[in-house]
């Protein structure tokens, strides 16, 4: 049985069916997500770009001279570019992502755009412990943009930050991006756009399981749904079964009732106070923080409690 089939069956045979967001990012999923970031409803990326352009030189100075930039979830170098634009600030860049092909394309692009920079991609799941080969004595800045921290359960976010602290070493700093809590009327369209790109991104999970896990999902029998869960302060994405049906996956039978959902993603929208509480519980102290003028998106500079 493939790893993907094992992962999928673990969630789909549970009393409440789930699939992990990590399965989104095959080649087509990466392409669709990039399209999502350019949609008019998806304010997150535009807001973060403006904020990073503003604070990039300050963050680079905070990192220290000739620092190492370690980016988590880096299938593209665009956001790191706002920090790397400060001359002489960074000696090397370590992008970490599960998409090995995207990392190789990143390395090729950066050989042209940043010829003096030591670029060392790491193809790995950053939700697992990672041992990094870091230059002795060099300042280290971890970087986790894009609000991916919001896709984690709070306990998982804390555990990720604990592992990051261990990987980055004593004295490290960490720039953490996060979409912040706001009105559902602004949030929901960002996860259910008029062009249906987010719906295609969500449904691509089923395409991938058909291709790689021996499944026989009928895509026309499911629809995308995004809902706001106010008590949990999160957007939830689901795939809703439109009828009673049976689906086979690697020889197993999965039964759906009409209206039953597969819960595919959470996007927590924390307040700054809640997010910093998670960071403190993981052994990080807040050093500085920035938000856009409307307070929609934040970047939080943390330092290790050594």
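Once the Cα atoms are used to define both axes, helix 154-168 deviates from the longest principal axis of the chain by about 40 degrees.
Segment residue 27..residue 253, full-extension length gain: 78.6 nm, with 0.36 nm per residue of separation and the alpha-carbon distance subtracted. Among 188, 149, 278, the ranking by other beta carbons within 10 Å of each residue's beta carbon, starting with the fewest, stands as 188, 278, 149. Listed values (1) 0.93; (2) 1.41; (3) 1.02 include one computed from this model; for Cα Rg over 2.2 N^0.38 Å that value carries the label (3).
For segment 104-195, the calculated P(r), taken from all Cα-Cα distances in 10 Å bins from zero up to the bin holding the longest distance, is 12, 34, 32, 19, 4, 0 percent. Any idea what angle helix 100-113 forms with the longest principal axis of the chain, computed on alpha-carbon atoms, 0 to 90 degrees, nearest 10? Long axis of 100-113 versus the principal axis of the chain: about 30 degrees.
When only alpha carbons are used to place a centre, segment 207-265 and segment 1-40 end up 11 Å from one another. Taking every DSSP beta bridge that has both ends in the chain, the antiparallel portion is near 65%. If you build a Gaussian network model of the chain, linking Cα atoms that sit under 10 Å apart, which residue out of 178, 252, 99 swings the most? Result for the chain, Cα springs under 10 Å: 252 fluctuates most.
For the chain, a Gaussian network of Cα nodes joined below 10 Å ranks 296, 234, 248 by mean-square fluctuation, and the top entry is 248.
Extension gain for residue 273-residue 306 works out to 9.7 nm (0.36 nm per residue, less the C-alpha to C-alpha distance). With R₀ set to 51 Å, the beta-carbon distance separating residue 125 from residue 294 gives a calculated FRET efficiency near 0.90.
As a rough footprinting exposure proxy, the listed residues 30, 203 were ranked by other beta carbons within 10 Å of their own, and the order from fewest upward is 30, 203. Measuring nothing but how far apart in sequence close Cα pairs (under 8 Å, 6+ apart) lie, relative to its length, the chain scores a relative contact order of 20 percent.
What is the calculated FRET efficiency for residue 61 to residue 108, with r their C-beta to C-beta distance and R₀ = 35 Å, to the nearest 0.05? It comes to 0.75.
For the chain, the 222 nm mean residue ellipticity estimated from helices alone, with every DSSP H stretch of n ≥ 4 adding -39500 (n - 2.57) and the total spread over all residues, rounds to -11500 deg cm²/dmol. Ranked for footprinting exposure by Cβ neighbours inside 10 Å, fewest first, 125, 179 give 125, 179. Hey, for a label at residue 185 modelled as a point 7 Å past Cα toward Cβ, could you say which residues of segment 212-230 have their backbone N under 20 Å away? Once the point is set 7 Å along Cα→Cβ of residue 185, 226-230 turn out to lie under 20 Å by backbone N, inside segment 212-230.
Since every read-out is calculated from the coordinates, none of them should be taken as a lab result. What you are looking at is a predicted structure, and each value in this text was computed from that prediction instead of being measured. Note that each Cβ is placed from the backbone with ideal geometry, even for glycine, and that neighbours are counted across all protein chains shown.
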